[in-house]
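Every number in this text was worked out from the coordinates using simple rules, so none of it is lab data. If you're wondering where the values come from, they're calculated on a predicted model, not measured in any experiment. Here the Cβ positions follow ideal geometry from the backbone for every residue, glycine too, while neighbour counts run over all protein chains shown.
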Amino acid sequence: MKLFSYLLILFALIEINYSYTIQLDSADVIIKEKIEDYVFWPNGGLSFGDIDNDGRTDMTVDLHYGDPTLSEARIYILWGNLVDSNYIIVNNYPYISNIEYWSAMGWNEGVKLYDINNDGYDDLIYSFPINGPTPYISTICIKYGKPRILWPIVEHVTTMTNADVVIKGVFEGLSEGTSLILCDCDDSIGQELVSGSEVGTPEIVPYTGHASIINFDTVPDSGVTYIDSIAFCTLFGQMTRRGRPYPDTFVFFGNDMTNLGDLNNDGIEEFSSNAISWRVWLPIFYDPYGDTLSLISFWTPMNFIIWGRPRSLWNAYNRTIINPTTDSLLTLIYTFWQGQIAAGDIDSDGRRDLIISDFAIFIYSMYYSGWTWVAERDTPKIYIIFGGPGVDSLKGGIFLAKDIANLVIKSRFACDGTGTRTTVGDFNGDGIDDFAVQSTNKQDPGVIYVFFGNRERNFPRYIQNAPLKIVDDDTIHFGDTSFDSLFAISFLSMKDLNNDGIDELIAYNIHEFSYYSNLRGEVNKLIDIGYIFVNKHLSVELLDYHDSTLGSSETLRFKINYKYPLKLSSIKVSINRDTFTIHSPRLEYISTDSILILLPDSAWDSTRGYWICIQNITDTIGTPPDSLPLCFGFNGATSAVNQPPKPHTLSLVCYPNPFNAEVRIKLRMPDAGDAKIDIYDISGKLIDHIHKSKLTAGWHELVWRPEVSVPSGVYLLKVSAGDEAVVRKVVLVR
């Protein structure tokens, strides 16, 4: 009996692992750097746009080199044929260079691309969050986009020269543009520029942080201006008090910001910013969480959601210290270690979900005397908060991430640096957002973990069990506390680089500093600094297809072309109205040639028309073909009786109906596009709405989960797509 109990516990702890693993160096495109007299390493985030107005997506890369005697930063412009070859050498592309002071050009997330002057060319926005003693040394600069031929191979810039527009910062030190984001955060048309800073302004003490919001309409066409004169709102952080943290005491607000999109479907976007609430140096037995023994100071990472609002409300908060206890459009979420917030619709219900990574940073050996037992005792975690009407209840609140998360995915290893970067996009092209997190290879070879969105909200318990795991095991040195062989992914993004409707996964690496020092002098040597993983839709072709007549005993063969292995359980093939799966004796799959064979169970009837369709097929990561079903007609099959129905009009089914907690809306889109669902009560009052963008033609399933304040009764669901609208009645029973 005791053995049986142990087995039950063991089975409860086992998680079925469907992970597919690939090597980092198997990337479709590897981005390389040719060493000059010294080595540059990735320093800032990735930015995308069309700088030369050729209809293709360009990408900027920020590289940096610095030592006690020399410092240089470069922003390379990689033109939009990024996935046309197996490798890219950044030295072959134009770049702007800065060598003044200890150059911090584009530091962190300080580069963005956006068409400010509406001429069709995306413009280059880059910052100089420079640490220097001179007031207004920090600037944000703008260079207007132009045809590719007009960009010189190298252009030297400074904080004040060779830019079309210069925006001066408001205080000395690490200031404007430590983090730049584009965000439609008010009720005006178009994006705003949000500039984050690690320090404050002359009105308050330094090192508290601030964020300034700028409407591009107020930016002059040329010349020099001050951010004070064009920002319609600047939010301040505040220096901490001694002792335990207070909601209004924090530092480094504005250091790391993210556009979260429209969380509550009100047409205005939200953004997040990290901060830290300092704790003083503490006695050996002080423990902020219950059982920690340490000699170091603690801090409490703070993650703010700044909710979008009308311009008039932004103006009302201008030049004020943010405080979640008084600002009803501010949310504070605490994480244990360090936090970062991203957002996307990972369950395809038309609502953006919050993805909060709580990562424990690896610590160098010199700090192990104070940090070893503390930092190595806990693991990074990913907290997921699913979107819905109740998301507005987060406004004006203070929460612990662990208390409000609907789902937690944790690392198997403590202090492995997983989750310092999170990105969201549609990597498998199924119309549902996916997300990826980066890591180091300190305890596990995985350096990128990709999780695929799904309507069932089915995600693994452990980060290392991600459906797609990208590993690097060349530089691993397990237990190496000096980290001289440590390898990490430093920046991560998803973006559709080739306009095929599927986002590529783009990553940049970083090594321990000695790695770069040891390469100095190896002129012209190529080193890998980045990777692009390109996914593609499945394609199906009918082999031996000479005419549309079936021989009495003819066997049909379909060639399946795929990037990732085929998921056999997904295969559904129909002959007129009959459907078959891979378990049917009529279907065989030859994996060595990736050929699907359809066998006749009896002679084909030459007087009867046949429609043979691939109704469903995906690979192991959920990538479908461009469109389904894929149908082939034989023996003159043209009648609507034999042909599978093809959507020509918008239609939907709601189930269960009546419903209690949620109603599922199965929607058939006649064409690709956006869908909007408005929910009204019986009096015609708008109760809720759901918006889903970039839906493909065919069937989709959305979910309405009314908040608890919505009473029982009859509700009308109006679904709009293109020029069509359909209304259905549903009944809510509490």
Worksheet item: Roughly how many nanometres apart are two label points built 7 Å out from the Cα toward the Cβ at Asn524 and Ser594?
Response: 3.9 nm
Fill in: Packing rank of 343-356, 257-270, where each peptide gets the mean count of other beta carbons within 10 Å, highest leading
343-356, 257-270
Worksheet item: Tell me, what is the FRET efficiency for Lys685 and Leu313 to the nearest 0.05, using R0 = 22 angstrom and their Cβ-Cβ distance as r?
Response: 0.35
Practice prompt. May I ask you to compute the full-extension gain from Lys676 to Ser393, defined as 0.36 nm times their residue separation minus their alpha-carbon distance, rounded to one decimal in nm?
Written response: 99.6 nm
Discussion item. Can you give me the distance in nm between label points at Lys729 and Trp699, each placed 7 Å from the Cα along the Cα-to-Cβ direction?
Written reply: 2.6 nm
Worksheet item: Suppose R0 equals 22 Å; then what is the FRET efficiency for His583 and Lys563 from their Cβ-Cβ distance, rounded to the nearest 0.05?
Response: 0.30
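Given a Förster distance of 56 Å, report the FRET efficiency between Ala661 and Phe232 from their Cβ-Cβ distance, rounded to the nearest 0.05.
So, using R0 = 56 Å, E works out to roughly 0.85.
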Practice prompt. Please give the length that would be gained between Asn576 and Ser606 if that part of the chain were fully extended, namely 0.36 nm times their separation in residues minus their C-alpha to C-alpha distance (nm, one decimal).
Written response: 9.3 nm
Worksheet item: How would you order 107-120, 87-100 from highest to lowest mean count of nearby Cβ atoms within 10 Å?
Response: 107-120, 87-100
Practice prompt. In nm, give the distance between the simple-model label positions of Phe632 and Thr320, each being 7 Å from the Cα along the Cα-to-Cβ direction.
Written response: 6.7 nm
Response to the item:
As straight-line cross-link partners of Lys676, the qualifying lysines (C-alpha separation under 17 Å, not fewer than 8 residues apart within one chain) are Lys666, Lys685, Lys692, Lys694, Lys718, Lys729
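Would you kindly give the portion of the calculated P(r) for segment 539-634 that falls above 20 Å, as a percent of all Cα pairs?
32 percent
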Fill in: Under 23 Å from Lys112, Cα to Cα: lysines that are on another chain or at least 8 residues apart
Lys32, Lys143, Lys146, Lys168, Lys495
Worksheet item: Whole-Å semi-axes of segment 651-732's equivalent ellipsoid, largest first, each the root of 5 times a Cα gyration tensor eigenvalue?
Response: 22, 13, 11
